[in-house]
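Working notes, structure below.
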Amino acid sequence: MQTRYQLIRSLADGKFHSGEWLAQQLGLSRAAVWKQIKGLREQWEMEIHAVSGRGYRLAHPLELLQKERILALLSPEIRCTLGGLEIHDSIGSTSEHLMQQATAGAPNGQICLAERQTAGRGRRGRKWISPYGSNIYLSLLWQFPLAPIELSGVSLAAGLAVMRALKRLGVTEIGLKWPNDILWQERKLAGLLLEVTGESEGPSQVILGVGLNTCLPNQQGSRIDQPWVDLGSIPGGQQVGRNQLAAELIHQLINALECFEREKLVSLLDEWRQQDLYHNKTVALQMGSQTIVGKHVGIDKNGALLLSHAGEVKAYFAGEVSLRPSQGDGHANTID
Ligand code: ATP
Ligand code: BTN
């Protein structure tokens, strides 16, 4: 496997490299280089051009993640807060890995990044498509002196942090879908997964996972069963480097978690509402086999969505609920 990663590193600049040069770099025969290229194409679905007389090149150059670069981009305060920063070439799931690390006593603020996930996960057992080098897969371990029940709003704070990071880097026209998806024109750019454990009176720990598409190849994207987008396709997104993005995400996530610990959602709610794509719109809330259509009239101080339906306003927590835009005419109804 080591050879495969060395080969990717040699090709990362997106330029042509001859089979002979690659063979020399990797200490392999040219036939063995070809076999490796075949493996990358067939098993990892990487798009690699082969042109006789010129050699091989990646269809898109890759900016690989580098620990030293990310650390250098963080402020001294944030560096002090970090428990540690791990970068893996390939891993099952960065969140699953951190969960195991946490059980083994990993410190607060431990971060795990990966170039590729083989078992990336979304909410409620759904899959997160995670090809090599083309997106950000980041998980962060955070301990709170609070009871798990007090953390109901933390996923909104984390979503806002991802928005702030993207905006700081010049990405525009994006918004939030409750509880914490980041969308561009109703297409999913990023998603967050928060897994909370702890004693009923506290303390609690959160494993916060962020998946953010930077350049998602269509081949893999075609397996996603809802509209999606990547940074490379949206205004202000093309120039964002992955190391810079990882550093800005770490910065904003830690700031937002510290703020949440001090004052919950109090100082974050107004900013959240301003970027809420579905506020005052008719939406469908899916809960298992039941769907309730109503008007999204706000978010309360615990992060619950307020839905006006059948003449009353009720609060819904994110756990088992998915929000979808509704094609309806504004009349609230229930569908089973
Ligand atoms: P919810 O509104 O409940 O968050 P969701 O359908 O977005 O619902 P999640 O569990 O949040 O579901 O995210 C997983 C879903 O995201 C997958 O089922 C798939 O539709 C989509 N998905 C998977 N990988 C990607 C990706 N790389 N980029 C964008 N969307 C993805
Ligand atoms: C969602 O929208 O459901 C959340 C997707 C979260 C994906 C990220 S990628 C990094 C971390 N590791 C995982 O296995 N999932 C999260």
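The values are calculated or read from the model by the stated rules, or taken from the named source; none is laboratory data. Quick caveat: nothing in here was measured; it's all calculated off a predicted structure. Every residue, glycine among them, receives a Cβ derived from its backbone with ideal geometry; neighbour counts consider all protein chains shown. All accessible areas refer to the heavy atoms of the entire protein, side chains included, with ligands and DNA or RNA removed. Shrake-Rupley method; radii C 1.70, N 1.55, O 1.52, S 1.80 Å.
Some values worked out for this structure:
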{"read-out": "Cys112, Cys80, Cys215, ranked by accessible area, largest first (probe 1.4 Å)", "value": "Cys80, Cys215, Cys112"}
{"read-out": "Total formal charge among the other residues, if their Cβ is under 11 angstrom from that of Leu245, Lys/Arg +1 and Asp/Glu -1", "value": "0"}
{"read-out": "Per-residue HN-Hα couplings for the stretch 293-299 [Karplus 6.51, -1.76, 1.60; θ = phi - 60°; Hz; x = Gly/Pro]", "value": "9, x, 9, 7, 9, x, 10"}
{"read-out": "Length added when fully stretched, Asn302-Asp13, from 0.36 nm per residue minus Cα-Cα", "value": "99.4 nm"}
{"read-out": "Residue-level accessible surface for Met46, protein heavy atoms, 1.4 Å, Å²", "value": "20"}
{"read-out": "From phi via Karplus (6.51, -1.76, 1.60), per-residue ³J(HN,Hα) for the stretch 300-309 in Hz, x at Gly/Pro", "value": "8, 5, 9, x, 7, 8, 9, 10, 8, 8"}
{"read-out": "Ser139, Ser152, reordered so the largest accessible area comes first (probe 1.4 Å)", "value": "Ser152, Ser139"}
{"read-out": "Relative counts (whole %) of C-alpha pair distances in the stretch 278-323, using bins that are 5 Å wide", "value": "5, 25, 35, 27, 7, 0"}
{"read-out": "Interchain or long-range residues, amide H under 5 Å from Ser130's placed H", "value": "Gln117"}
{"read-out": "Per-peptide average of other Cβ atoms within 10 Å, ordering 179-186, 231-238 highest first", "value": "179-186, 231-238"}
{"read-out": "Alpha-carbon centroid distance for the pair the stretch 271-296 / the stretch 148-211, whole angstrom", "value": "17"}
{"read-out": "Per-residue [θ]222 nm for the chain (sum of -39500 (n - 2.57) over DSSP H runs n ≥ 4, rounded to 500)", "value": "-9000 deg cm²/dmol"}
{"read-out": "Accessible surface of the stretch 136-232, 1.4 Å probe, proportion on carbon and sulfur as whole %", "value": "48"}
{"read-out": "Solvent-accessible area per residue, Å², over the chain with all protein chains present [probe radius 1.4 Å]", "value": "46"}
{"read-out": "Euclidean distance between Cα centres, the stretch 227-250 to the stretch 18-64, Å", "value": "26"}
{"read-out": "Sites Glu173 and Cys80, calculated FRET efficiency, Cβ-Cβ separation with R0 45 Å, nearest 0.05", "value": "0.85"}
{"read-out": "Global geometry of the chain, whether rounded, prolate or oblate, following the gyration tensor of its Cα atoms and the 1.5 cut on a/c", "value": "prolate"}
{"read-out": "Extended-chain gain in nm, criterion 0.36 nm per residue less alpha-carbon gap, Met1 and Arg262", "value": "89.5 nm"}
{"read-out": "14 Å beta-carbon shell around Met1, net charge (K/R +1, D/E -1)", "value": "+2"}
{"read-out": "Val206, Val51, Val313, reordered so the largest accessible area comes first (probe 1.4 Å)", "value": "Val313, Val51, Val206"}
{"read-out": "Computed over the stretch 1-157, Kirkwood Rh from alpha-carbon pairs, angstrom", "value": "17.9"}
{"read-out": "Sum of side-chain charges, Ser18 neighbourhood, beta-carbon under 15 Å (Lys, Arg +1; Asp, Glu -1)", "value": "+2"}
{"read-out": "Lysine pairs in the chain with Cα atoms under 22 Å, if 8 or more residues apart or on separate chains", "value": "21"}
{"read-out": "Gain upon complete extension [Glu42, Leu71; 0.36 nm per residue less C-alpha separation]", "value": "7.0 nm"}
